[in-house]
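Following: one structure in structure tokens, then a few remarks.
Readers should treat all values here as calculations from the given coordinates under stated rules, not as data from a laboratory. Because the structure is predicted, anything quoted here is derived from the model rather than measured. Heads up, the Cβs are rebuilt from the backbone with ideal geometry, glycines too, and the neighbour counts pull from every protein chain shown.
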Amino acid sequence: MNSYLFYDLETSGLNKAFDQIIQFAAIRTDMQLNEIERYNFLVKLRPDVIPSPKALITHKISISKTMTGISEYEAAKKIHCLINEPGTISLGYNTLRFDDEFLRFAFHRNLLPPYTHQYNHGCRRMDLFPITIMFRLYREKVLSWPSRNGKPSLKLADLNTENRLATGAAHDALVDVEATLALTRCFIKESDMWNYLSGHFLKEVDRQRAESLPVSFQNDLFKHTEGLLISSELGADMQFQAPVLFIGNSIPYANQTLWLRMDLPELRETTMDSIHETTWVIRKRFGEPGILLPPLERYINIIEKNRMVECNKSFEWIRSNIGIFNSIIKYHQQFRYPEIPNLDADAALYQMGFHTQKTEALCREFHLASFAGKLTLISQFQTPETKTLASRILARNFSEVLPNDIKTQFALYLSRVNPESSESALVDYKGEARTTPAGALMDIQKIKTEEKMEQPQLKLLDELEAYLIQTF
């Protein structure tokens, strides 16, 4: 039976590779949004995580409160089971841009299959944020729309306050799930719009819609279709949408389609040496944001006229500069994300690639084994990364009974978590530095000095400061 699983996370920070889930909440419903079951639990802070002070004062979950939660290992297994229940459509507010990838790294770190909830046993994913954007643009009557500083706000907390979707404090995971579910109940009343937008999260439907876009022109290689792309990354000032031109698929990442923005005047300044600086290509996987629409007048009318003038000029420029255009295509089709040398195992999900069937079977055996059995199985893993991940599961969750070699390995890792200088900090798969204890302590002092804090927030920061000094 198909069901929706509305979920939300509160986390120790924003780094998907190194931070962790602090609170998980979810409500499972049937396809008519009738509640079946709800889940809400805290996750104990790992010994190697340095919480972000800003995250702490946002979700207001104290260090001492997190210590009452279940271990990350048990939480990851529990969430993995929920989200992989056959027929589950997992969704939330902006989940595909943040929460889903956060889960993916939590699964990776705990030797669970990171992608099965996307396709296995009838499971798939949706996201309410791009659907909300579409209703804001084309079916405004369904909600009262909030604004901040004279600009429209699509933050869930603001939508909740404006429309009284759920009661309780914002950034409590369960309150946010209740608000998301209430928001969905508003949208689903507009069944034609809801069903159309739901189709964009079905890979084949999304592919067919993209392939049916009108052809602007074609060359020897393929047809260049044009459309409008709706995406949160474009921002409210751009009405979240831009005219785009299809320029093919990525070669190293075959599931990425490439869409060239046509409304930027700098496109027409492109030379062979400036492609990286003067072109903006949006990479889209079918069944995921953004949403592609045909370039019909009722959609184009929302875009500012000067942007469409730039778009028309860009089309003319391309037709007159096919050589440069072909170089733009080649550059973006061949682009590879830079590989990070000596990447830490926690952050190595994308560089490691998929596990072999043998490793997957060994992971399943590892989870079912006793502590002694887990120790024995570590040596059977095929790669250094999976050996490291297995050892860290034991070090993070069974620290009282560890053998000396695993204790030594984990102590060495903790010394890299707490380096002597910020230049020596671990980096993630994007090359971004891991938060260090010293960095977090500096952030605490900066927040206390520069921002107006209420007493409960100051208490949270004081507790975090004491924890960091004592632990690291």
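Here are some pairs, 65/448; 16/305; 284/305; 284/358; 60/203; 203/223; which of them have Cα atoms lying more than 30 Å apart in this structure? Present the calculation step by step, with values, prior to reporting the outcome.
Values: 65/448 22 Å; 16/305 39 Å; 284/305 26 Å; 284/358 32 Å; 60/203 38 Å; 203/223 21 Å.
From the list (65/448; 16/305; 284/305; 284/358; 60/203; 203/223), the Cα-Cα distance tops 30 Å for 16/305; 284/358; 60/203.
Please give the contour-minus-distance gain from residue 60 to residue 164: 0.36 nm per residue of separation, less the Cα-Cα distance, rounded to one decimal in nm. Can you show the working numbers first?
On the way: separation 104, 0.36 × 104 = 37.44 nm, distance 2.16 nm.
The residue 60-residue 164 span can extend by a further 35.3 nm.
Using alpha-carbon pairs under 8 Å, 6+ residues apart, how would you state the relative contact order of the range 345-424 in percent?
Details: 30 pairs, mean separation 18.7, N = 80.
RCO, the range 345-424: 23 percent.
For the range 1-192, count the residues as N, evaluate 2.2 N^0.38 Å, and divide the Cα radius of gyration by that value, please. Working shown, then result.
Values: Rg = 16.5 Å, N = 192, 2.2 N^0.38 = 16.2 Å.
With N residues counted in the range 1-192, Rg over 2.2 N^0.38 Å equals 1.02.
Given a Förster distance of 41 Å, report the FRET efficiency between residue 139 and residue 361 from their Cβ-Cβ distance, rounded to the nearest 0.05. List each step's numbers first, then the result.
On the way: r = 48 Å, r/R0 = 1.18.
Computed FRET efficiency for residue 139 and residue 361 comes out at 0.25.
Enumerate the residues in the range 11-51 having an amide nitrogen under 18 Å from the point lying 7 Å beyond the Cα of residue 68 toward its Cβ.
Zone members listed by number: 11, 22-25, 39-46.
With +1 on the Cβ of every Lys and Arg and -1 on the Cβ of every Asp and Glu, and nothing else charged, how large is the dipole of the chain about its Cα centre, in debye rounded to the nearest 20? It would help to have the intermediate numbers written out before the result.
On the way: 54 positive and 58 negative charges, 116 e Å.
The calculated dipole for the chain is roughly 560 debye.
Compute the distance in nm between two label points, each set 7 Å from the Cα along the Cα-to-Cβ direction, one at residue 316 and one at residue 215.
So the two model labels end up 2.4 nm from each other.
Could you give the nm distance between label points at residue 376 and residue 472, where each point is 7 Å from its Cα heading toward the beta carbon?
About 3.8 nm, to one decimal.
With contacts defined as alpha carbon pairs under 8 Å and 6 or more residues apart, what's the relative contact order of the chain in percent? Numbers along the way, then the final one.
On the way: 715 pairs, mean separation 68.8, N = 472.
Contact order relative to length: 15 percent.
Please give me the summed charge of the neighbours of residue 240: other residues whose Cβ is under 12 Å from its Cβ, Lys and Arg +1, Asp and Glu -1. Could you put the intermediate results ahead of the total?
Details: positive: 136; negative: 233, 237.
Residues close to residue 240 contribute a combined charge of -1.
According to a simple spin-label model (label point 7 Å from Cα along Cα-to-Cβ), what is the distance in nm between residue 222 and residue 424?
4.8 nm
I need the calculated FRET efficiency for the pair residue 354 and residue 297, taking r as the beta carbon distance and R₀ as 35 Å, to the nearest 0.05. Intermediate values should be presented prior to the final figure.
On the way: r = 45 Å, r/R0 = 1.27.
Rounded to the nearest 0.05, the efficiency is 0.20.
Run the numbers on the range 6-117 and let me know its relative contact order in percent, using alpha-carbon pairs under 8 Å that are six or more apart.
On the way: 159 pairs, mean separation 29.8, N = 112.
Contact order relative to length: 27 percent.
Taking the Cα of residue 85, stepping 7 Å toward and past its beta carbon, and measuring to each backbone N in the range 28-58: which are under 17 Å?
In the range 28-58, the label zone of residue 85 (backbone N under 17 Å from the point 7 Å along Cα→Cβ) covers 28-41.
Out of 57, 84, 166, whose Cα points farthest toward the positive end of the dipole of the range 1-192 (charges: +1 Lys, Arg; -1 Asp, Glu; placed on Cβ)?
Looking along the dipole axis, the top candidate is 57.
Towards the positive end of the charge dipole of the range 345-424, with charges on Cβ (+1 Lys, Arg; -1 Asp, Glu), say which of 399, 375, 347 has the farthest Cα.
375
First measure r as the distance between the Cβ atoms of residue 450 and residue 398, then evaluate 1/(1 + (r/R0)^6) with R0 = 51 Å and state the FRET efficiency to the nearest 0.05. It would help to have the intermediate numbers written out before the result.
Numbers: r = 41 Å, r/R0 = 0.81.
Efficiency for this residue pair is about 0.80.
Within the set of other residues whose C-beta is less than 14 Å from the C-beta of residue 295, count the net charge using Lys and Arg as +1 and Asp and Glu as -1. Don't jump to the answer; show the numbers that get you there.
On the way: positive: 209, 261, 298, 307; negative: 226, 263, 297.
So the environment of residue 295 carries a net charge of +1.
Length gain on complete extension for the stretch residue 192 to residue 326, per 0.36 nm per residue less the alpha carbon to alpha carbon distance?
Between residue 192 and residue 326, full extension yields 44.3 nm more.
Read through the labelled values (i) 69, 53, 49; (ii) 71, 53, 40; (iii) 66, 46, 43 and report the label of the one computed as Cα extents along the principal axes in Å from the structure.
Derived directly from the coordinates: (i).
Considering only 429, 4, 248, whose Cα is most displaced toward the positive end of the charge dipole of the chain, charges sitting on Cβ of Lys, Arg (+1) and Asp, Glu (-1)?
Of the options given, the answer is 4.
If you average the C-alpha positions of the range 392-466 and of the range 61-93 separately, how far apart do those two centres end up, in angstrom?
22 Å
What is the sum of charges, Lys and Arg at +1 and Asp and Glu at -1, for the other residues whose Cβ falls under 14 Å from the Cβ of residue 373?
After counting each charged neighbour, the total is +1.
Quick one: length gained pulling residue 369 to residue 463 fully straight, 0.36 nm per residue minus the C-alpha distance? Can you show the working numbers first?
On the way: separation 94, 0.36 × 94 = 33.84 nm, distance 3.71 nm.
Here the answer is 30.1 nm.
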